[in-house]
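See structure below.
The values are calculated or read from the model by the stated rules, or taken from the named source; none is laboratory data. The structure presented is a predicted model; accordingly, all values stated were derived computationally and were not measured. Just the protein is used for accessible areas: all its heavy atoms, side chains included, with ligands, DNA and RNA removed. Shrake-Rupley method; radii C 1.70, N 1.55, O 1.52, S 1.80 Å.
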Amino acid sequence: MEDDGPTTILLFGDINDDIIAQVCNVIIGEQYRPEPKEKIRILINSPGGELQPAFALIEVMEASRIPIE
């Protein structure tokens, strides 16, 4: 059975380098799949964290060829 829905990324907990690196890897990896999904959905539940990793995630999201909601 093929799933035509969006790729969903769950982001819970503090924003830090390690967790944002994982999220960015999924977003970038999705760009190079033979048949990428039509969109990526990120669900965030975080009390906050570090700003630099958050800005890195924003830049990767803006550069994505796949729409992110």
State in Å² the accessible area per residue of the chain; use a 1.4 Å probe, count heavy atoms of protein chains only, and round to the nearest integer.
-> 72
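As a check on your grasp of the helix formula, calculate [θ] at 222 nm for the chain: sum -39500 (n - 2.57) over DSSP H runs of n ≥ 4, divide by the residue count, round to the nearest 500. Each step should come with its number before you reach the end.
Values: 2 runs with 28 residues, N = 69.
Computed mean residue ellipticity for the chain: -13000 deg cm²/dmol.
Would you mind telling me the share, in percent, of accessible area of the chain contributed by carbon and sulfur at probe 1.4 angstrom?
Values: 2660 of 4970 Å².
Here it works out to 53 percent.
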Counting only residues 5 or more places away or on other chains, whose amide H sits under 5 Å from the amide H of Ile9 once H atoms are built in the peptide plane?
-> Arg41, Ile42, Leu43
Expected vector for the stretch 58-67, Karplus 3J(HN,Hα) from phi with 6.51, -1.76, 1.60 and θ = phi - 60°, integer Hz, x for Gly and Pro, equals 4, 5, 5, 4, 5, 7, 5, 6, 8, x
If amide H atoms are built 1.01 Å from N in the plane of the peptide, which residues on other chains or at least 5 residues away come under 5 Å of the amide H of Gly49?
-> Ile15
In whole Hz, with x marking every Gly and Pro, tabulate ³J(HN,Hα) for the stretch 12-18 from phi via Karplus 6.51 cos²θ - 1.76 cosθ + 1.60, θ = phi - 60°.
-> 10, x, 5, 7, 8, 4, 5
